[in-house]
Amino acid sequence: MQLIEYYHRLHTELPEARGGLPVTLERLSGIFYCSERNVKFILHKMAAQSWIVWKPGRGRGNHSELVLLEDSGTLIRKEAMRLVQEENIKQALELVGLPGMEPGEKEAFFQWLGGAFGFQEVSGRSRPLEVLRLPYYAPLLTMDPTRMIYSKDMHLVRQLFDTLVRVQPESGKVMPHLAHHWEFSGDGMLWTFYLRKGVRFHHGREMTAEDAVFSLLRLKEAGSRTPFHWLVQGVEQVRAVGGYIMEVELSAPNYMFDRFASSAGLSIVPKDSYSRGQHYAPVGTGPFRLVEHDVSMCILEAFPDYFKERALLDRVELWVLPSGMKVTPQLRISDWGGSPRQGAESRQGEESLSSKLTGGLTKGCNFMSFNIEQPGPQQNRLFREAVHLLLDRQAFIREIKQDGSLPAQGLLPQGNLPPDDADPCHDLTEGLRLLAESGYRGETLKLMLNTGHVAMAEWIARWLGQYGIAVKLDVMSREEAAGLKWVKNAQCYVGGLVADEDRVMFLLELLYAGHYSGFFLHKELQQEMEERLRSVQQEPGADARRNQLAEVQALLARDRDVIFLIHPANRIMYSPTLRGVTVNTLGQVDFKDLWFLPETFSQDSPSRT
């Protein structure tokens, strides 16, 4: 424990000592949870710092006099600021989070901390380094491409790793990436990928076909432990032909396998690092490499040997802050790692930014998914239909301040419904009629959710409560939600889905991933969907595939196993001096093309030098 923490305990337990107080070593031993000998040592160090005046009494058990000279809150704030300047963010946050910390000092620290975010120029070995520093309010669960579940984890994986091909979001066309060319047999069962030469991993070795083969087999061996196992279920054999050619034999026709190869779950990793299972940091070929990662910070540095254009920034730092702690950053991008409670409260301080606001609809939706295999009111199809009709999504958008969002009628946005129009799914009269017809008698519906969807679930509970539907929330951490242990006892899950680069792949991913997506697919529905999806993969025509996928998507809404809520709007707030901002399909900003105008350089903010 730091000396300053002992001093804070004195301030908290003995506030009257500010004017001088008789006290025994025995009492101080109880406050410090240590021996009387150690108490003397601690007091001596505090006196040397001029924090206290200590006049020891004579004889064992006699009272001594203690005078507290400094305010512990001020000392903690200054020490926390020093720790931040040394990039020891974890210890700084632990200090200001101590019980009894004065609210005013805490607020002053976080107001100061806001200046640490945004663009910083820090000293480097040969030249100043251009650094983008962003606050993050959720733990980074994984950077293993086979393990990621959440969109922000996937976004980071996209910065660190590359795939054989990429899908151009605007056109939906599959484009070369690590593979410069590929071809497939007429029956769609043999695919050949020709890899670029000279592509290097972050640890310096050149990528070969053996690495690509290993990456596919690694995913296949992971089985159901990964949400991406379906990508390689049909892989019968995979082999390297020479140094830069990989052949993949499938057990059934799949005219979409090049799109499968674009999934972040099939990112290429080096065989020598991952086969040992002892890699201490993610190693890929992406535009950034990971140089530091712990519970409080994640630091990415531009990879100078990237096979395409080098990133314009030198470094990106993500500082993990506790949920609910407010900072007013000088710059905000896409509410990066935004606090679980979105709304006016989380946007305080934006008016002080020289800001630019842009965005668009997220390629995805928020939803409720019902588990009809668990006892409860959700087993009744009429009850589920009633909930669907009773919910007024436009009211949700207004009350939770989700400006620019639209009511959802499917997984992806459809058409251009004017933002002020009524929710086309809301029908109060019919909803109440079906609720009565369902025989609902006030049973409690339990909603499972992770901390990122608290505001949405609380609104659902309030809204349905006014019609007599009892709702209880069961909030999990992101880690608990990712573990899937909750699935077997869940009645309903409230969550959100965001598309990756390819809309077609997005539909396949979430339908195949099942519980990883938050969907409860009962046995009959799952069997029906799998049959339809096999047919989609075996269809050579792109237009026919899209039509078939639309029919598969409709199965989710047929019996209201899933209720679609809204398509959230991306809220991109950033300084106009930040350039190269493009919003990807995950609703995030890719770091590679970001840069700042020179006049934003500052040495006055709390950056490390």
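The values are calculated or read from the model by the stated rules, or taken from the named source; none is laboratory data. Being a predicted model, the structure only gives us computed values, none of them experimental. All Cβ positions, glycine included, derive from the backbone under ideal geometry; neighbour counts span all protein chains shown. When the accessible area is computed, the model is the full protein with side chains, heavy atoms only, and any ligands, DNA or RNA have been set aside. Shrake-Rupley method; radii C 1.70, N 1.55, O 1.52, S 1.80 Å.
Here are a few things to note about the model shown:
- Yes/no for Ser263 being of a type outside the set (Asp, Glu) and over 19 Å from the mean Cα position of the chain (by Cα): no
Residue by residue, here is whether (1) in contact with a Lys or Arg (Cβ under 9 Å, 6 or more places away or on another chain); (2) open to solvent by 30 Å² or more (accessible area, probe 1.4 Å) holds:
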{"site": "Gln491", "(1), (2)": "yes, no"}
{"site": "Arg534", "(1), (2)": "no, yes"}
{"site": "Asp543", "(1), (2)": "no, yes"}
{"site": "Ala557", "(1), (2)": "no, no"}
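- Every condition in (1) closer than 25 Å to Ala264 by Cα; (2) at pLDDT 90 or above; (3) of a type outside the set (S, T, N, Q); (4) in a helix (DSSP H, G or I) is met by Val504 except one, and the failing one is (2).
- Qualifying residue in segment 276-289 (condition: more than 22 Å from Leu549 (Cα to Cα), open to solvent by 40 Å² or more (accessible area, probe 1.4 Å), at pLDDT 90 or above and within 27 Å of the chain's Cα centre (by Cα)): yes
- Near pairs, Cβ below 9 angstrom, 6+ apart or cross-chain, from segment 87-109 (on the phi > 0 side of the Ramachandran plot) to any residue that is open to solvent by less than 40 Å² (accessible area, probe 1.4 Å) and of a type in the set (A, V, I, L, M, F, W, C): Glu87/Met297; Glu87/Ile299; Glu87/Trp319
- Qualifying residue in segment 210-219 (condition: closer than 30 Å to Asp314 by Cα, free of Cβ contacts under 8 Å to residues at least 60 places away in the same chain and hydrophobic (A, V, I, L, M, F, W, C)): yes
- Whichever residue in segment 439-466 is of a type in the set (Ser, Thr, Tyr) and surrounded by 15 or more Cβ atoms within 10 Å (Cβ to Cβ) and, among such residues, is farthest from Phe370 (Cα to Cα): Thr451
- When restricted to residues that are buried (at least 21 other Cβ atoms within 10 Å of the Cβ) and closer than 30 Å to Leu521 by Cβ, segment 571-595 contains 3.
- Meets criteria (open to solvent by less than 20 Å² (accessible area, probe 1.4 Å), assigned to a helix (DSSP H, G or I) and either of a type outside the set (A, V, I, L, M, F, W, C) or at pLDDT below 80 (or both)) for Met529: no
- Residue pairs whose Cβ atoms lie under 9 Å apart, separated by 6 or more positions or on different chains, with the first residue in segment 1-15 and free of Cβ contacts under 8 Å to residues at least 12 places away in the same chain and the second open to solvent by less than 40 Å² (accessible area, probe 1.4 Å) and of a type outside the set (Gly, Ala, Ser), are Met1/Phe32; Pro15/Leu68.
- Meets criteria (hydroxyl-bearing (Ser, Thr, Tyr), more than 30 Å from Leu497 (Cβ to Cβ), open to solvent by 50 Å² or more (accessible area, probe 1.4 Å) and touching a residue at least 40 places away in the same chain (Cβ under 8 Å)) for Ser123: yes
- Selected residue (only one of Gly518, Gly483, Gly496 is open to solvent by 20 Å² or more (accessible area, probe 1.4 Å) and touching a residue at least 24 places away in the same chain (Cβ under 8 Å)): Gly496
- Looking only at segment 434-489, residues that are within 27 Å of Met154 (Cβ to Cβ) and assigned to a helix (DSSP H, G or I) come to 18 in all.
- Test: Leu141 is open to solvent by 20 Å² or more (accessible area, probe 1.4 Å), closer than 30 Å to Arg218 by Cβ and either of a type in the set (A, V, I, L, M, F, W, C) or in contact with a His (Cβ under 7 Å, 6 or more places away or on another chain) (or both): yes
- Per the conditions (1) buried (at least 19 other Cβ atoms within 10 Å of the Cβ); (2) modelled with pLDDT of 80 or more, the sole criterion not satisfied by Lys363 is (2).
- Among the criteria (1) in a helix (DSSP H, G or I); (2) out of contact with any His (no Cβ under 9 Å at 6 or more places or on another chain); (3) open to solvent by 40 Å² or more (accessible area, probe 1.4 Å), the one Tyr512 does not fulfil is (2).
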